[in-house]
Amino acid sequence: MSPTLAIKTSINQYRIEEFAGVTALGELYRATDERTNKVFAIIILPVLVTENAEAMKELEGNSARLQGLSHPNLNRYYGIQKTPALTFFVENWVDGPSMKEIRTRGLLSAEEALFVAGAVCNGLEALHKQGFLHLHLSPELVRINKRGELILCGIGAAGAIHFSTSSHPPLHLSPEQILMKSETAASDIYSLAVMLYELITGKWINGKNPPRAFDSIRKTHLDSSPPAPASLNPNLPDNFSRMVLWALRKNPEERLKSTTELISSLALAAGYSVDKIPVRANERIAPIIDSALNAWEFLPPPKSTAVSADTVPLEERLASLGTPKKKPALRFGIIPFILFFFVSGFVALFIFIRPAGENPLPTPILFTKFVPNITPEPSSSLTPRPTFTNGGRIVFTCTRGDYNQLCMINRDGTELVQLTDMAASNYYPAFTPDGSSVLFASNRNGNFDFFVLNFTEREVFQVTENIGNVISPDFSPDGRTIVFANRVGDGPTAIWMVNADGLNPRLVYTGLRDIVAVAWSPAGEKIAYAMNSGSPQDYDIYSMDIDGRNHLKISQGLLGIGGSVDWSPDGTSLLIHAGPFGDKDIFKIDIATGKSTQVTDGGNNAGASYSPNGQFIVFNSLRNNDQADLYIMEADGSGMRQLTNDPEPDWGANWIE
């Protein structure tokens, strides 16, 4: 088959570099974004799909949620783009061999097949937990990257879309998909089992090379029993061979029904511990895959390309997306234990956190597992960048009545909106990188967990569930990970991370004392944090690598440092507040030297945060009759003006343009 696109053809901002083959979703190409020189995968959708209005509606309807999925074994998806003649998916280019190439290099052992199955099952499980089925799993869409990690591609079509293309026979579709019946997780398991069968036997499920005629393929899926894999590869354990056949049963009700059940059963049959399955291929566990990686000619790193003359270094990647710039979330020095606030007297610094009542929450919103809408790292123009003529929006905590709520306001003070209204405390708001949603902490279900409020759909999704009491979230620059402070049981408040989809919460660093504010550096290499110095409501500012190592004390010579921290857009300094009790000022600390520069003079100020372009600083102050309001000033402290004016406290602001 001749590819549709010639090499060096440009579609939108992408220049076609290589035809990579035909997949179950359509033609796959490697392409370069001409604005950034970064490499992407382009999948041209078949005409039979693009002319199907119902199919396109479902693909476009699922696109935003699928773009938000982040998992080590799922390829990053960037959505659907169109030209007058073509419609195509855009996702990361996984530079490395696919399972189709691996199959040609020899038969996989049970141990190496377990590595493949474990990684694919992990990726599928992440999809299934979010209510999606892959439904198009095939060797061409499973690739190994340079680090030896297996990546499941083609998630843009996850859902109940029935693709039909004569250029790619349905060799891996389940019987229920061929019969156009309801699909379940067992459908993906069948497709994976077909692929495993090929990898361990070198044959298709008919025990031979696959037929070309659709009717013959259909008949094999529906009526024929595959030969036992052990009969084609005598090195396979008999129980492992039988388990693969179990996953290939025609009736989905008789099949292994979940990815956890599949990988556990395969491992048990092979006499191998699931916990011992590696996350990366290596020479001992996966010699065939390791050999293929050693022979692969990987692409050189992309050359840096200026995006625009007015783009600051922090935002180069996000500006190239054509999406709003992510500003690191403002962190305010508190821990979510209300009694401590009153005892310490930090209420005077306008931290008014009030506990939730015991009455049932009068809200009709159904909280479900978090499905973020996050625009990722590489360049794309899938989501047009909104323009705010007033210069941006600021989200903040607004104490209203007995509880903390979330409010939002334009930079010029117009269009003040209260976003939440529930009998629970909601605070620490942080915009998702694309500005479509806001992440926040809430105790509406008991302990403080993270939730996301989507502005467009007006829906709230739960991110974490009973992992402690969480505060101070901040997204990594690529939007894949959230760093936050968390207190579990009676231990100190420590630094944790969690995937943006709510999966894999993990402890990163436990300090000597409570850590109450964290912020991810613009380059993504460092975490700044505020840790208690040993005196009540007195903190020191540190930085560390994102793996919890190489800690460096940044603050030097300042007394009475508060518990908030924010990076400058160029990553050279931190904003903090310090000074005597009741008379705090905003300071800028140079990262390299530790030298501090005072930005405000009087007013009892705290919680300072830069605008994404670094031109302005928003902060909260008690300068107006001890009323906690938000103020804005130029980065050098000039041009100060009041933003909010409410008898009840406003604080904890986070900015997006």
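Every read-out reported here was derived from the displayed coordinates using simple, explicitly stated rules and does not represent laboratory data. Quick caveat: nothing in here was measured; it's all calculated off a predicted structure. Note that we place each Cβ from the backbone using ideal geometry, even for glycine, and neighbour counts take in every protein chain shown.
Is region 561-657 rounded, prolate or oblate when judged by the Cα gyration tensor, a ≥ b ≥ c being the square roots of its eigenvalues, rounded requiring a/c under 1.5 and prolate requiring a/b larger than b/c?
The shape class here is oblate.
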- Message: Can you give the FRET efficiency to the nearest 0.05 for residue 294 and residue 507, using r as the Cβ-Cβ distance and R₀ = 30 Å?
- Response: 0.30
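Assuming R0 = 41 Å, can you tell me the calculated FRET efficiency for the pair residue 10 and residue 638, based on Cβ-Cβ distance, to the nearest 0.05?
After rounding, the FRET efficiency stands at 0.30.
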- Message: Set the bar at 32 Å for Cα to Cα. Now go through 82/276; 181/208; 82/219; 100/129 and name every pair that lies beyond it.
- Response: 82/276; 82/219
- Just how far, in whole angstrom, is region 593-657 from region 421-450 if you go by their alpha carbon centroids? 22 Å
- Note on the structure: Which residues qualify? For residue 421, with a placed amide H closer than 5 Å and at least 5 residues away or on another chain, they are none
- Obtain the nm distance between the two label points defined at residue 545 and residue 414 by a simple spin-label model: each point lies 7 Å from its Cα along the Cα-to-C-beta direction. 4.9 nm
- With x for Gly and Pro, the residue-by-residue ³J(HN,Hα) of region 622-639, computed from phi through the Karplus equation 6.51 cos²θ - 1.76 cosθ + 1.60 at θ = phi - 60° and given in whole Hz, is 9, 5, 9, 6, 6, 9, 6, 10, 8, 10, 10, 9, 5, 4, 8, x, 8, x
- What share of Cα pairs, in percent, lie more than 29 angstrom apart in region 10-295? 29 percent
- Message: I need the shape label for region 33-82. Rule: rounded when a/c is under 1.5, else prolate if a/b > b/c, else oblate, with a, b, c from the alpha carbon gyration tensor.
- Response: oblate
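Would you mind getting me the FRET efficiency between residue 282 and residue 597? Use the beta-carbon distance for r and R0 = 56 Å, nearest 0.05. List each step's numbers first, then the result.
Details: r = 50 Å, r/R0 = 0.89.
Working from the Cβ atoms, E equals 0.65.
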